[in-house]
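Chemist: Mind looking over this structure? Questions follow.
The values are calculated or read from the model by the stated rules, or taken from the named source; none is laboratory data. These figures come from a predicted structure and were not determined experimentally. Here the Cβ positions follow ideal geometry from the backbone for every residue, glycine too, while neighbour counts run over all protein chains shown.
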Amino acid sequence: MNDRDRRAEPRHHADGQVMFSFDEPVHQEISARLVDYSNSGFRAVHHCSDLHAGQTVRFHHEVASGTARVMWNRILPEWVETGFLVVAF
């Protein structure tokens with residue numbers, strides 16, 4: 001089974017900006033590129049390697065804003081890719 005088969009919801013391609021912020025361990029505001037989104041989450045690429053799974057962030061992008069939980073990170077030499085689960089709009 002590939003990743004696409006395991007997805008519970010369809011994802012929509014995006015190519016806009018997403019802003020997110022968090023307070024732990026210190027306050028940071030991050031500008032990222034929104035890659036895709038679904039009704040319950042989104043994926044973004046950015047340059048912040050301080051995020052960790054389970055961490056809660058505030059976010060705002062072209063489709064929604066609210067609070068999301070970091071579900072996973074993929075840290076690459078050029079950028080960080082993160083999957084978020086929306087917990088509140």
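Chemist: Tally time: how many residues in the stretch 20-36 are touching a His at 6+ places or on another chain (Cβ under 8 Å) and either in a loop (DSSP other than H, G, I, E, B) or over 24 Å from P77 (Cβ atoms) (or both)?
Modeler: Final tally of qualifying residues: 1.
Chemist: Working only within the stretch 42-64, note down all residues that are at pLDDT 95 or above, outside any loop (DSSP other than H, G, I, E, B) and either in contact with a Lys or Arg (Cβ under 7 Å, 6 or more places away or on another chain) or under 21 Å from H13 (Cβ atoms) (or both).
Modeler: F42, R43, A44, V45, H46, T56, F59, H60
Chemist: Here's a follow-up. So which residues in the stretch 42-56 are within 25 Å of P77 (Cβ to Cβ), of a type outside the set (F, W, Y) and in contact with a strand residue (DSSP E or B) (Cβ under 6 Å, 6 or more places away or on another chain)? Spell out the reasoning first.
Modeler: Of all residues in the stretch 42-56, those within 25 Å of P77 (Cβ to Cβ) come to 42-55.
Now drop any that are not of a type outside the set (F, W, Y), which leaves 43-55.
Correct list: R43, A44, V45, H46, C48, S49, L51, A53, Q55.
Chemist: Quick one: is G16 surrounded by fewer than 17 Cβ atoms within 10 Å (Cβ to Cβ) and either in contact with a His (Cβ under 7 Å, 6 or more places away or on another chain) or in a loop (DSSP other than H, G, I, E, B) (or both)?
Modeler: Yes; evaluated as a whole, the condition is true for this residue.
Chemist: Keeping to the stretch 73-89, report how many residues are part of a loop (DSSP other than H, G, I, E, B), more than 11 Å from H46 (Cβ to Cβ) and touching a strand residue (DSSP E or B) at 6+ places or on another chain (Cβ under 8 Å).
Modeler: 1
Chemist: When N39 is evaluated against the numbered criteria (1) among the polar types (S, T, N, Q); (2) exposed (fewer than 14 other Cβ atoms within 10 Å of the Cβ); (3) part of a strand (DSSP E or B), which criterion, by number, is the only one it fails?
Modeler: (3)
Chemist: Among the listed residues V45, V18, V63, identify the single one that is among the hydrophobic types (A, V, I, L, M, F, W, C) and farther than 18 Å from F89 by Cβ.
Modeler: Numbers: V18 fails: farther than 18 Å from F89 by Cβ; V63 fails: farther than 18 Å from F89 by Cβ.
Answer to the selection: V45.
Chemist: What are the pairs with Cβ atoms under 9 angstrom where one residue, in the stretch 78-89, is free of Cβ contacts under 8 Å to residues at least 40 places away in the same chain and the other, located anywhere, is small (G, A, S) and surrounded by fewer than 18 Cβ atoms within 10 Å (Cβ to Cβ)? Sequence gap at least six, or different chains.
Modeler: Close Cβ pairs (under 9 Å, with a partner that is small (G, A, S) and surrounded by fewer than 18 Cβ atoms within 10 Å (Cβ to Cβ)) amount to V80/S49; V87/G66; A88/G66; F89/A64; F89/S65; F89/G66.
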